[in-house]
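A.B. asks: Please read through the structure below; I'll follow up with questions.
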Protein chains: 2
Amino acid sequence: MNGATGGKARELHPRISVEEVEEGRELAPKFDGDGLIPVVTTDAHSGELLMHGYMNREALMRSMELGEAVYWSRSRGQLWHKGATSGFTQRIVEMLIDDDQDTVWLRVDVQGGASCHVGYRSCFYRRIQGVGEAPVLADTEGELEFTETEKVFDPEEVYPGADNPTVL
Amino acid sequence: MNGATGGKARELHPRISVEEVEEGRELAPKFDGDGLIPVVTTDAHSGELLMHGYMNREALMRSMELGEAVYWSRSRGQLWHKGATSGFTQRIVEMLIDDDQDTVWLRVDVQGGASCHVGYRSCFYRRIQGVGEAPVLADTEGELEFTETEKVFDPEEVYPGADNPTVL
């Protein structure tokens, strides 16, 4: 079943008509002006949102072939096989695409690992207080509240000497 | 609890240091060169990914105040209070932000409605066959398989005369 075991080459198709893109069975992704498509990655088991990244055409093809998430790192300007350094690879359980085929959804298995370079399980470890139904702690409306309090790993140990990818 | 009921004005803070952005409690979102931040929207109950959109600064502030999702429509070039036409508003249950604060996660309640202009519940109604663990139907590897087969609404009835937002 795994893509790495071979089978017919996967093809990207041209975007001919809105009807075909929205209602068809051909994969015809739209890459933006920088050649990138956004990728939403969730935990296939918990459903939790793990991260939001980008792929270029090569990263998309590699991900499909390998059955593991390969992104394009905008901060490093290179292909990024997620987990190559940390060991926390993201095994693809399912890859979906949206209506106009300009966003990819990866449902992945991280096998107990983390997906955030800061060390948390998910990159989304803070909620905005007082928005929607999220409760407000005293006098802290609009501030961030941590939804994860324990890091899964210590970034200094896992990425020794590496530059932080966060750009101000 | 709902933002519309008032309370302290929510502020966006400057991005001073990587440490403060990643580990701090101040909301300091990064808008890209077009003034936009990507938004991942999931169903707060099922966890399903509903859509991927964008907000500019005003849309973010309006969403926080209103407690409902307000996006920036790139195809129309205007603020887009989701559901204003279709009736399928997205009530915000929780709003989160990621490590480097360049992506927003909305967990929403769509109260039985749909979030996709094509009529499906989710915009992600097609999986790519043969990738990861997704099964391959005979001779269709790399093709899209529909994961939703019933539309929640008929777009022609809900958006009469409207232009399709999908751009080739």
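Only the coordinates and a few stated rules stand behind these numbers; no lab work does. Everything numeric here is computed off the predicted structure, so don't read it as measured data. All Cβ positions, even for glycine, are placed from backbone atoms using ideal geometry, and neighbour counts span all protein chains on display.
A.B. asks: Please report the spacing between the Cα centers of region A:48-83 and region B:104-120 in Å, no decimals.
C.D. replies: When both Cα centres are located, 26 Å separates them.
A.B. asks: OK, next. At 7 Å along the Cα-to-beta-carbon direction for both residue A:20 and residue A:61, put a label point, then send me their distance in nm to one decimal.
C.D. replies: 2.0
A.B. asks: Output the pairs from A:151/B:30; A:82/B:151; A:30/B:82; A:30/A:82 with a Cα-Cα distance over 31 Å in this structure; if there are none, say none.
C.D. replies: Pairs exceeding the cut-off: A:82/B:151.
A.B. asks: Shortest first and in nm with one decimal, please list how far the residue A:151 label point sits from its counterparts in the other copies (point 7 Å along Cα→Cβ).
C.D. replies: Output for residue A:151: 4.9 nm, nearest copy listed first.
A.B. asks: A follow-up question, please. Between chains B and A there is a rotation axis; tell me the chain B residue with the nearest beta carbon and how many whole Å away it sits.
C.D. replies: So the closest residue, with its distance, comes out as B:47, 1.
A.B. asks: I'd like the orientation of helix B:57-66 relative to chain B: the angle between its Cα long axis and the longest Cα principal axis, in ° from 0 to 90, rounded to 10.
C.D. replies: Its long axis makes an angle of about 90 degrees.
A.B. asks: Nearest 20 debye, what's the magnitude of the dipole of region A:1-113 about its Cα centre given +1 on Lys and Arg Cβ and -1 on Asp and Glu Cβ?
C.D. replies: So the dipole magnitude of region A:1-113 works out to roughly 620 debye.
A.B. asks: Starting from 0.36 nm per residue, how many nanometres of slack lie between residue A:154 and residue A:11 once their C-alpha separation is accounted for?
C.D. replies: Net length gain for the segment: 47.5 nm.
A.B. asks: While we're looking at this one, here's another question. Taking only DSSP H segments of four or more residues, each worth -39500 (n - 2.57), what value at 222 nm results for chain B once the sum is divided by all its residues, to the nearest 500 deg cm²/dmol?
C.D. replies: -3000 deg cm²/dmol
A.B. asks: Further question: Which net charge results when you count Lys and Arg as +1 and Asp and Glu as -1 among the other residues whose beta-carbon is under 14 Å from that of residue A:72?
C.D. replies: My count for the surroundings of residue A:72 gives +2.
A.B. asks: Grab the beta carbon distance between residue B:32 and residue B:78, set R0 = 22 Å, and tell me the FRET efficiency rounded to 0.05.
C.D. replies: 0.75
A.B. asks: By the gyration tensor of its Cα atoms, with a ≥ b ≥ c the square roots of the eigenvalues, what is the shape of the protein assembly as shown: rounded for a/c under 1.5, prolate for a/b over b/c, or oblate?
C.D. replies: Oblate shape, in that a/c is at least 1.5 and b/c is the bigger or equal ratio.
A.B. asks: How large are Rg and Dmax for chain B when calculated on the C-alpha trace, in angstrom?
C.D. replies: Rg and Dmax of chain B, Cα atoms, are 17.9, 59 Å.
A.B. asks: By per-residue mean of other Cβ atoms within 10 Å, what is the highest-first order of B:44-53, B:101-110?
C.D. replies: B:101-110, B:44-53
A.B. asks: Quantify how strongly other chains surround peptide B:22-30 by giving the mean number of their Cβ atoms within 10 Å of each of its Cβ atoms.
C.D. replies: What the average comes to for B:22-30 is 5.
A.B. asks: Any chance you could tell me what percent of the C-alpha pair distances in region B:28-114 go past 15 Å?
C.D. replies: 54
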